[in-house]
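The values are calculated or read from the model by the stated rules, or taken from the named source; none is laboratory data. What you see is a predicted model; the values in this text were computed from it and never measured. Cβ: placed from backbone, ideal geometry, glycine included. Neighbour counts: every protein chain shown.
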Amino acid sequence: MTIEEQLGRDEGRKSSAYQDQYGYWTIGIGTCVDATKGCGITDEEMDLLLANRIAKNKSQIQEQFPWTTSLDEARFGVLLNMSYQLGMHGLGEFRQFLAALQQGDYEAASAHMLDSKWAKQDSPDRAQRLSEQIKTGVWV
């Protein structure tokens with residue numbers, strides 16, 4: 001047995017937040033994140049979670065939309081950003097945007113992004129920045 005196996009057994013493994021036996025918010029394998037107890041995750045843990053999610057989303061985007069492998073880094077970054085916020089299902093709902101992007105029509109893709117509830121109500125500042133990134137191919 002390893003310490004990882006032992007802690008997994010003793011603490012349990014949960015993929016979403018839960019309250020432990022004392023009522024403190026906890027994630028993963030007994031990692032307290034409850035601010036009322038002075039807990040949280042480190043910058044390194046945040047960066048690790050971010051890197052794992054980006055890698056997962058990148059793989060899923062390229063699998064679901066194989067044509068995206070020909071996009072430049074900044075435009076592909078928009079897809080990563082959107083999938084990070086909206087999930088893969090949410091990204092897939094932007095059918096006209098994706099079709100225009102696949103055709104290389106960045107002006108139309110940008111316009112389709114902005115013609116959405118996401119851009120008008122949910123995340124207007126983010127949508128404006130990302131639509132500019134689609135148009136120019138430059139990180140914003």
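Out of the residues in segment 1-29 meeting the condition of being of a type in the set (G, A, S) and touching a strand residue (DSSP E or B) at 6+ places or on another chain (Cβ under 9 Å), tell me which one is farthest from Y84 (Cα to Cα).
Here the answer is G12.
For segment 41-140, please list each of the helices (runs of 4 or more DSSP H) lying entirely inside it that holds at least 1 residues being over 30 Å from S15 (Cα atoms).
Ranges flagged: 73-92, 95-103, 106-114, 124-136.
Restricting attention to segment 10-37, which residues are among the small types (G, A, S) and either in the same structural domain as Q102 (by TED's automatic domain parsing) or within 24 Å of the chain's Cα centre (by Cα) (or both)?
We begin by selecting, within segment 10-37, every residue among the small types (G, A, S); these are 12, 15-17, 23, 28, 30, 35.
Selection gives S15, S16, A17, G28, G30, A35.
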